[in-house]
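To start, the structure under review is shown below, and the notes come after it.
The values are calculated or read from the model by the stated rules, or taken from the named source; none is laboratory data. Owing to the predicted nature of the structure, the values given are computational and were not obtained by experimental measurement. Reconstructed Cβ throughout: ideal geometry from the backbone, glycine too, with neighbour counts over all protein chains shown. In case anyone asks, the SASA skips ligands and DNA or RNA and just uses the protein heavy atoms, side chains included. Shrake-Rupley method; radii C 1.70, N 1.55, O 1.52, S 1.80 Å.
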Amino acid sequence: MNKQLEKDEKGQTIMNARNIAIICDKNGLYSSPELNEILYLHFKGRFEKIQNLDPFVNLCALWLNNNGIAKIEGLDKLVKLNSLFLNNNMIKKIENLDNLVNIQTLNLSCNSIYEVENLSYLIKLQNLNLSNNHLSEFDTLKGLLDCPQVTNLDLSQNHIEFDERILFEILSKIQLNCLYLKGNEIIRGFPYYRRQFTISIVNLQFLDDKPVTQADRRIAEAWAKGGNEAEKQERIKVEQEKRESQHKQFLSSQKIVEDGELKKKEFFEINQERLCKDIRELQILIDNDPSQDLQKQLEMKEQELRNLESTAKHMVFVPESQARCFSIVEEDNGNIIVTNKQGAEADEIINKFYSKEIREYNKTDKDRQKEIQKQLYQNQIDELIRQDELNEQLEGVVDHNQTNKDWIMEPKENEKDKQSKEYQKLRKGWKKDHDELLENLVKYHKFDFESVSNEFKKVMMLEDQELEYLEPEDLRKVWTYIELVKYRDQEPIIHDLDQLD
């Protein structure tokens, strides 16, 4: 088949079945028209007329831009079409689109259109581009009211004159999320253009070249209610909330880093102890049987010990609460399979998050947590038993007063019990999150408990929580108790006091 496109006597390419077949072949499309869902007829020798497209009944997207088309026609059979590109042509009127009820995107930019019309049947239309046309006044834009479901509208670089009705009677009635109006006289007509459009178009999220943020909307609404002073106060409030949010994110990030470093340290210490134990056992075996196999095992363990520090340094621990973008399955034999990744990407995930060392460490960590919970439970049982014994002793107290005056022997409260009661009083309503927040604030403000107190109160107010004792001295005591509890059960680093010299 001759691959040259046929042209008419004027030298213009004809949109006939043969030419369309050649274009489909060049673009790797099907030779049977009904099998194609897309069709590229743009930049093809300037077609002047839309025709011979009836067989393409299953088309979903059609590109006819950058031709010489003067009239919208010949599209009645393309009822499944949802994207139509007719930009950069010579179209003067919007017409003959009534059958295209599934259209969602319509691009008519860079034409010669003078009025928005005949869009009432496009009930699914969401994206409409009419930039670089000849739209000018209120009456030429009334047709937009026939498609109030449009969310993205481009009217930039037209000749739209200032008229308040365009905003209040047309644009505000459409469900716009994105609006382009730059290059029109109407922008200069509104003294506070962005503010007024932000307030009037309630769903607006993007105006011209800038997004409309939630903060922008709050500031604009404050200005509408109370003028410049209200706007100033709202700006201060927004900025303060932004700083507080950033500080909260900083504290959260800092905690993740600290937790990761702690886990790295624990991982290193556990594996160091394991390797040292293995090395000692091998050395004992070698003393009795200096075989080559044992020597080789010893060398491997020693090399593994030397590499341990580097391995721990590059280890990555993912917080349990962090969302993961991959899913895994553990087989009966212990193998990990990443179900939604393949090849090198799956191997990288397994090596990074599910290596043998990390899984062994996590298992050890879980066992340790279970042991701690078991010990705490046993401590509670012991405390209940102690209280019962104390009550029995009090019930057994008899009257020893010879003057027949009844008296009760009250157990003397020691200093430790007083401190415990005071600590419980100060921590009334506290949770583990409050302990972590206090620790982070103390470190961040370098033990300036005045600043810690102010910051703590702000966080409680933002989270709508009520705690009674948040003054600097109260928080200092709570911090002290936290540290005492944390280190009281740890073994001393130096057992012999003579070593202090």
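Apart from one condition, SER120 fits all of (1) open to solvent by 40 Å² or more (accessible area, probe 1.4 Å); (2) in contact with a Ser or Thr (Cβ under 7 Å, 6 or more places away or on another chain); (3) farther than 19 Å from GLY74 by Cβ; the exception is (2). Annotation note: of GLY11, GLY74, the sole residue that is small (Gly, Ala, Ser) and either touching a strand residue (DSSP E or B) at 6+ places or on another chain (Cβ under 9 Å) or at pLDDT 90 or above (or both) is GLY74.
Out of everything in the stretch 399-458 that is among the β-branched types (Val, Ile, Thr) and at pLDDT 75 or above, what residue ends up being nearest to SER245 (Cα to Cα)?
Initially, the stretch 399-458 is screened for residues among the β-branched types (Val, Ile, Thr), giving 403, 408, 442, 452.
Still in the list and also at pLDDT 75 or above: 442, 452.
Details: VAL442: 18, VAL452: 17 Å.
So the residue we want is VAL452.
When ASP289 is tested against the conditions (1) at pLDDT 85 or above; (2) open to solvent by 40 Å² or more (accessible area, probe 1.4 Å), the lone failure is (1).
When residues in the stretch 88-109 are screened for being assigned to a loop (DSSP other than H, G, I, E, B) and open to solvent by less than 50 Å² (accessible area, probe 1.4 Å), 10 of them pass. Taking residues in the stretch 170-196 that are open to solvent by 10 Å² or more (accessible area, probe 1.4 Å), and partners anywhere that are charged (D, E, K, R), the pairs with Cβ atoms closer than 6 Å and at least 6 places apart or on different chains are TYR180/ASP154; TYR180/ASP208; LYS182/ASP208; GLU185/GLU161.
Would it be correct to say that LEU141 is assigned to a helix (DSSP H, G or I), open to solvent by 40 Å² or more (accessible area, probe 1.4 Å) and either out of contact with any helix residue (DSSP H, G or I) (no Cβ under 7 Å at 6 or more places or on another chain) or closer than 22 Å to ASP208 by Cα (or both)? Reasoning before the result, please.
On the way: assigned to a helix (DSSP H, G or I): yes; open to solvent by 40 Å² or more (accessible area, probe 1.4 Å): no; either out of contact with any helix residue (DSSP H, G or I) (no Cβ under 7 Å at 6 or more places or on another chain) or closer than 22 Å to ASP208 by Cα (or both): yes.
Criteria not met by LEU141.
One residue alone among GLU331, GLU299 is more than 29 Å from LYS255 (Cβ to Cβ), at pLDDT 80 or above and not polar (S, T, N, Q), and that residue is GLU299.
Evaluated against (1) surrounded by 20 or more Cβ atoms within 10 Å (Cβ to Cβ); (2) under 18 Å from LEU75 (Cβ atoms), LEU155 falls short on exactly one condition, (2).
When you go through ALA224, ALA215, ALA230 one by one, which is the residue that is surrounded by fewer than 17 Cβ atoms within 10 Å (Cβ to Cβ), without any contact (Cβ under 8 Å) to a residue 12 or more places away in the chain, farther than 26 Å from TYR114 by Cα and among the small types (Gly, Ala, Ser)? None of the others qualify; the one that does is ALA230.
Across the stretch 229-239, not a single residue is classified as within 21 Å of the chain's Cα centre (by Cα) and among the polar types (S, T, N, Q).
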